[in-house]
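A short reminder: the numbers here are calculations on the coordinates, not readings from a lab. Only a predicted model underlies this, so the values are computations on that prediction, with no experimental measurement involved. Glycine also receives a Cβ, built like all others from the backbone with ideal geometry; neighbour counts cover every protein chain displayed.
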Amino acid sequence: MFTRFQYGKLHSRLKEKRRFIQVLSGPRQCGKTTLAGQVSSALKIETHFVTADSPVPYNSTWIEQQWETARVLAKKSSKGAIVILDEIQKVTGWSEVIKKLWDEDTAARTNLKALILGSTPLLIQHGLTESLAGRFELVPLSHWSFLEMRDAFDWNLDQYIFFGGYPGPAELIKDEERWSRYIHDSLIETTISRDILLLTRIDKQALLRQLFRLGVHYSCQIVSYQKLLGQLQDAGNTTTLANYLELLSGAGMLTGLQKYSGSQIRQRSSSPKFLALNNALITAQSEYSFNEARKNTDFWGRLVETAVGSHLLNATIGTKLKILYWREGSKEVDFILQNGSKIFALEVKSGRIRESLAGLDSFNKQYKPKRKMLVGQGGIPVEVFLLTPAVEWFE
């Protein structure tokens, strides 16, 4: 049975008599298709599953054809049916046609439920809010956690820190070169070329790829856009970089944490702290093998800090919690979690050169966080932190 906690949520929602379109959204290979298949199988209901992941783009007529097939199944079965549409964001005008079909079935009392899947959360969200308001419930998926990788593949902490949270290539890690090629070809390049470039107008495609490579290299470092402009070819302006970073974040690859200052305006205008959302995106493009990485204190420390940060961020997707950072002068706090008016401060002591807790002390005096946490040496063990659902630390 599927190990992800979203299984129970999705299963119970699809069993209910009331009708909402269920939306599974998350990065590539986070288990959307597997989860959808296992839930529909457990419900023992007629299912019509199709995917729009094709080199040739489909149009809205394709959705209408698939929906009509599912309607036939629903009318023949006393339990009704489910239509599952995978990679829906690749169909032009998908949200408008699904709204029309859904409203028709609601008026006709057709017992047909819908589950739509998408691997580009940012584009999925646009379609939902524009056309399907009041008709859907979102089940966001993120990269696999250490707990899930440990339970599914018997990984230890060091393996997770280096190889990250992609279940697809998990059995390839004994052949690191093959594993790296898989990450690059099947995940990185496929996400950029098929989930971003084909679906969004990008005037500087080479720049998007450069930004990704540089961003994961600087994961858990604060880098100004002006510095980036000096390192990127044909970089354009800071607005272009910020927009491209938002696309990479929406695809579950790389994000830029904003600075906490108590002012929303200053947060948006601050230099971002880059954070890779899966450690595999760093190590597959690095020069280090697994054994070499463990011996390099600074590089391994950056991986540990990234694992902690991505654990926080991935766990808060779909919630109102915000993950930020703080820095004033030479004093810094790795992660600030904001829940409304409540703030929590978290520092990672991972073996990197910067090990002073002066930043945590200074932040505490200035903002009085509800809780201060130290993860790593002298604090909560990294393994314990990563095995615990992130939201539990901040309740």
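Side notes on the structure shown:
- Candidates Tyr58, Tyr260, Tyr160, ranked by Gaussian network fluctuation over the chain, Cα under 10 Å, top entry: Tyr58
- Taking all Cα-Cα distances within the chain, those exceeding 28 Å account for 49%.
- Modelled label reach - Lys227, point 7 Å along Cα→Cβ, region 315-344 residues with backbone N closer than 17 Å: 325-335
- Approximate shape of region 193-336 as ellipsoid semi-axes (Cα gyration tensor, √5λ), whole Å, largest first: 22, 21, 16
- Among Trp326, Leu228, Val216 - extreme Cα towards positive end, dipole of region 177-335, charges at beta-carbon: Trp326
- Here's the picture: charge each Lys and Arg Cβ at +1 and each Asp and Glu Cβ at -1 in region 6-140, and of His48, Thr92, Leu10 the one pushed furthest to the positive end of that dipole is Leu10.
- Convex hull projection area averaged over all views, region 277-395, Cα basis, nm²: 7.9
- Charge dipole (debye, nearest 20) of the chain; +1 at Cβ of Lys and Arg, -1 at Cβ of Asp and Glu: 1280
- Relative contact order of region 221-345, defined on C-alpha pairs under 8 angstrom at six or more residues apart (%): 19
- Within a Gaussian network of the chain (alpha carbon springs, distance under 10 Å), most fluctuating of Val97, Val23, Val304: Val97
- Interchain or long-range residues, amide H under 5 Å from Thr51's placed H: Asp86
- Part-to-part distance (alpha-carbon centres) for region 316-395 and region 155-200, which is given in Å: 28
- Put simply, the convex hull of the Cα atoms in region 6-140 casts, on average, a shadow of 7.3 nm².
- Sites Lys76 and Glu96, calculated FRET efficiency, Cβ-Cβ separation with R0 25 Å, nearest 0.05: 0.35
- Highest-fluctuation residue, Ala307, Ala70, Ala251 considered, GNM on the chain with Cα pairs under 10 Å: Ala70
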